[in-house]
């Protein structure tokens with residue numbers, strides 16, 4: 001058993017170079033780290049748990065404040081360069097450094113081979129694994145852990161999902177929520193809500209489990225899990241009472257997947273609770289019954305995964321939706337007066353100037369609807385863990401370039417993808433991206 005830990009710091013690294021993730025920006029605290037902090041605090045009340053959030057702290061501020069015996073760092077492909085700098089500083093200060101999050105979950109072996117200063121990786125859900133790690137459980141017995149044994153060989157333990165029903169309601173005391181509310185109100189003073197907050201009711205995507213998912217998807221959750229509607233409403237009540245939250249963003253991959261769950265969620269809604277909701281949805285799942293339920297729970301906005309306005313490109317993207325389903329779902333949302341936020345991905349397999357024109361036409365039509373509020377347009381990034389990245393590694397020249405790596409230039413990845421898998425060049429994609437963003441007042445890009 002390792003010595004008893006007195007303090008652990010959990011870090012959400014800042015994104016270097018740009019802050020164009022405008023959909024989330026610095027309006028929402030890091031949900032995964034809050035969940036881990038809640039579990040650590042509930043299991044080990046004597047251990048001090050601190051979260052350092054790079055959406056409100058600079059890289060320099062985070063590095064100066066590192067002082068814990070164990071530092072856990074949440075990674076994605078955007079913040080990974082900052083994560084490595086934080087990890088190096090933490091190690092120099094004597095900490096054990098553990099990485100988690102989507103980027104580390106897909107590349108654990110590469111990371112440990114390439115970064116000697118890292119002690120371990122947690123793959124997938126981190127709540128139980130981090131509790132076991134901090135409590136000093138033998139590495140070989142900690143699920144989801146990837147580590148080096150005494151002979152410096154990399155070992156990967158069984159990866160298992162956490163039972164969501166057994167997790168405590170996420171506490172927000174680890175971060176000052178007013179900082180996030182103030183940032184949001186500064187940028188969006190005229191919206192009908194002032195204190196948005198993120199939760200999750202479900203994890204995973206049945207479409208991804210069934211088919212391998214959309215070609216661009218790099219989400220790490222395996223299987224499809226749902227929290228009980230009662231548990232979700234209890235969390236919402238806590239947030240409304242404690243922080244006067246007036247909009248709940250449910251970050252589940254697709255809030256409307258299970259009609260039975262959605263009906264139960266409506267049926268268990270407390271009469272005195274009526275915050276606005278923002279959710280993700282698939283076009284093939286938005287029938288009249290589901291949209292009516294969304295209206296009755298006070299859904300303000302649906303982020304609709306449209307991706308493309310070209311039927312052939314949609315098929316090649318393996319999205320599993322059609323143009324007719326997209327149009328039908330958008331019109332249903334308009335009929336029920338629920339705001340629509342379409343999301344597009346340019347640079348899907350076989351993308352051409354003709355397909356881009358079709359996508360622009362669809363975006364223009366959707367933007368003309370009465371309930372049109374904003375749209376998101378990104379150029380496909382073949383994230384590690386996605387089908388797109390796997391396709392790239394099948395190309396000998398790209399495999400030679402990227403196999404074994406853990407650190408990537410995202411724009412270089414994009415350009416290599418476009419060069420091999422699209423019929424339109426990168427400049428053309430960026431041109432259409434900017435053109436589409438001008439269709440609405442609140443157009444956002446993800447890179």
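The values are calculated or read from the model by the stated rules, or taken from the named source; none is laboratory data. Treat the numbers as computed from the prediction; the structure is a model and nothing was measured. Cβ placement follows ideal geometry from the backbone for every residue including glycine, while neighbour counts extend to all protein chains displayed.
For segment 82-101, does any single residue satisfy the condition of being touching a helix residue (DSSP H, G or I) at 6+ places or on another chain (Cβ under 9 Å), part of a loop (DSSP other than H, G, I, E, B) and buried (at least 24 other Cβ atoms within 10 Å of the Cβ)? Among the residues of segment 82-101, not one is touching a helix residue (DSSP H, G or I) at 6+ places or on another chain (Cβ under 9 Å), part of a loop (DSSP other than H, G, I, E, B) and buried (at least 24 other Cβ atoms within 10 Å of the Cβ), which makes the answer no. Considering segment 156-167, and only residues there that are surrounded by 14 or more Cβ atoms within 10 Å (Cβ to Cβ) and more than 20 Å from the chain's Cα centre (by Cα), the residue that is nearest to residue 132 (Cα to Cα) turns out to be 157.
Evaluated against (1) over 27 Å from residue 80 (Cβ atoms); (2) in contact with a helix residue (DSSP H, G or I) (Cβ under 7 Å, 6 or more places away or on another chain), residue 382 falls short on exactly one condition, (1).
Each row is one residue, and each column tells you yes or no for (1) on the phi < 0 side of the Ramachandran plot; (2) surrounded by 15 or more Cβ atoms within 10 Å (Cβ to Cβ); (3) assigned by TED's automatic domain parsing to the domain that holds residue 331; (4) touching a residue at least 24 places away in the same chain (Cβ under 8 Å).
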| residue | (1), (2), (3), (4) |
| --- | --- |
| 367 | yes, yes, yes, yes |
| 376 | yes, yes, yes, yes |
| 380 | yes, yes, yes, yes |
| 385 | no, yes, yes, yes |
| 390 | yes, no, yes, no |
| 402 | yes, yes, yes, no |
| 410 | yes, yes, yes, yes |
| 418 | yes, yes, yes, yes |
| 422 | yes, yes, yes, yes |
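Scanning segment 217-251 for residues that are at pLDDT 95 or above, part of a loop (DSSP other than H, G, I, E, B) and touching a strand residue (DSSP E or B) at 6+ places or on another chain (Cβ under 9 Å) yields 227, 245, 246, 251. Number of residues in segment 185-197 that are surrounded by fewer than 21 Cβ atoms within 10 Å (Cβ to Cβ) and either under 28 Å from residue 346 (Cβ atoms) or in contact (Cβ under 8 Å) with a residue 40 or more places away in the chain (or both): the value is 7.
Note on segment 3-24: among residues that are surrounded by 14 or more Cβ atoms within 10 Å (Cβ to Cβ) and modelled with pLDDT under 65, the one that is farthest from residue 37 (Cα to Cα) is 20.
Taken across segment 107-130, residues that are under 21 Å from residue 219 (Cα atoms), part of a strand (DSSP E or B), in contact with a helix residue (DSSP H, G or I) (Cβ under 6 Å, 6 or more places away or on another chain) and modelled with pLDDT of 95 or more do occur, with at least one present. Give the number of residues within segment 318-333 that are touching a strand residue (DSSP E or B) at 6+ places or on another chain (Cβ under 7 Å) and either surrounded by fewer than 19 Cβ atoms within 10 Å (Cβ to Cβ) or not assigned by TED's automatic domain parsing to the domain that holds residue 430 (or both). Total meeting the criteria: 0. Could you tell me whether any residue of segment 164-184 is in contact with a helix residue (DSSP H, G or I) (Cβ under 9 Å, 6 or more places away or on another chain) and closer than 17 Å to residue 109 by Cα? No, segment 164-184 has no match at all. Within the set 79, 114, the sole residue that is more than 22 Å from residue 7 (Cβ to Cβ) and surrounded by 20 or more Cβ atoms within 10 Å (Cβ to Cβ) turns out to be 79. For segment 163-193, name all the residues that are under 21 Å from residue 53 (Cα atoms) and in a loop (DSSP other than H, G, I, E, B). Answer for segment 163-193, where residues must be under 21 Å from residue 53 (Cα atoms) and in a loop (DSSP other than H, G, I, E, B): 169, 170, 171, 172, 173, 174, 175, 176. Scanning segment 345-354 for residues that are surrounded by fewer than 24 Cβ atoms within 10 Å (Cβ to Cβ) and touching a residue at least 60 places away in the same chain (Cβ under 8 Å) returns 349, 350, 352, 353. Tallying residues that are under 18 Å from the mean Cα position of the chain (by Cα), without any contact (Cβ under 8 Å) to a residue 40 or more places away in the chain and not in a loop (DSSP other than H, G, I, E, B) within segment 252-288 yields 3. Does residue 67 satisfy being surrounded by fewer than 20 Cβ atoms within 10 Å (Cβ to Cβ), without any contact (Cβ under 8 Å) to a residue 24 or more places away in the chain and assigned to a loop (DSSP other than H, G, I, E, B)? No: the conditions fail for residue 67.
For segment 37-51, the count of residues that are part of a loop (DSSP other than H, G, I, E, B) and under 19 Å from the mean Cα position of the chain (by Cα) is zero. None of 262, 239, 247 is surrounded by 15 or more Cβ atoms within 10 Å (Cβ to Cβ) and either outside the structural domain of residue 333 (by TED's automatic domain parsing) or touching a helix residue (DSSP H, G or I) at 6+ places or on another chain (Cβ under 6 Å) (or both) except 262. Within segment 50-64, track down each residue that is surrounded by fewer than 22 Cβ atoms within 10 Å (Cβ to Cβ) and within 19 Å of residue 131 (Cα to Cα). Across segment 50-64, the qualifying residues are 50, 51.
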